[in-house]
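The structure appears below as structure tokens.
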Amino acid sequence: MRLLYVVHQFLPHHVTGTEQYVRSMARAMQALGHQVTVLSYEPVLPRVAAGRTYVEQDEVVDGIEVRRVGLHLDLSPNITLADYHNPMGSRFVRRLLDTRSFDVAHVFHLRFLGVEVLNELRLAGLPVAVNLMDFW
């Protein structure tokens, strides 16, 4: 199965509980023969992308394919609500879904990606599992 994991940030720059949990889940699923891609917001990317409104970067971390996305939060329609309401986040998901297919999406944390991501996954016809992590 092709699995998409969505998380607010990921290793190696961010190493707290949610990130460790997602890595453990991804490695366990890979050991069972599944293909896992992590879509992660990366809060550092906008700081290193002067003059750009958003950044996308692909890499492999611990044998896990990772698509990192970052955007300047001042592009959010309401900076106060940007933690969970950011329409740009769903655009990143749509871009990924336009180039790759998945069988299931598993959402762990949507900080800065926004809850609109859930609707985008649903519109794509993907079954979606959600873990409520941290303050979510």
Inset, instruction - State which residue is nearest to Asn78 (Cα to Cα) when the search covers only the range 117-127 and only residues that are crowded, with 18+ Cβ neighbours inside 10 Å and touching a helix residue (DSSP H, G or I) at 6+ places or on another chain (Cβ under 7 Å). - result: Val117
Inset, instruction - Would you point out the residue of the range 24-47, among those that are in contact with a strand residue (DSSP E or B) (Cβ under 8 Å, 6 or more places away or on another chain) and aliphatic (A, V, I, L, M), that is modelled with the lowest pLDDT? - result: Leu45
Inset, instruction - For the range 89-136, enumerate the residues that are in contact with a Ser or Thr (Cβ under 7 Å, 6 or more places away or on another chain) and among the aliphatic types (A, V, I, L, M). - result: Val117, Met133
Legend entry - Every pair of residues 6+ apart whose Cβ atoms lie under 7 Å, when the first sits in the range 1-23 and is modelled with pLDDT under 90 while the second is small (Gly, Ala, Ser): Gln9/Ser40; Phe10/Ser40
Inset, instruction - For the range 69-82, enumerate the residues that are open to solvent by less than 50 Å² (accessible area, probe 1.4 Å) and either modelled with pLDDT under 75 or assigned to a loop (DSSP other than H, G, I, E, B) (or both). - result: Leu73, Ser76, Ala82
Inset, instruction - Taking the options Val55, Val66, name whichever one is outside any loop (DSSP other than H, G, I, E, B) and closer than 15 Å to Val7 by Cβ. - result: Val66
Inset, instruction - Any residue in the range 109-136 that's under 18 Å from Gly17 (Cβ atoms): show its pairings with residues that are among the acidic types (Asp, Glu) at Cβ separation under 7 Å, as long as the two are six or more apart or on different chains. - result: His109/Asp134; Arg111/Asp83; Phe112/Asp83
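The values are calculated or read from the model by the stated rules, or taken from the named source; none is laboratory data. Because the structure is predicted, anything quoted here is derived from the model rather than measured. Don't worry about glycine lacking a Cβ; one is built from the backbone with ideal geometry, like all the others, and counts go over all protein chains shown. Ligands, DNA and RNA are stripped out before the accessible areas are found, and what is left, the full protein with its side chains, is counted by its heavy atoms. Shrake-Rupley method; radii C 1.70, N 1.55, O 1.52, S 1.80 Å.
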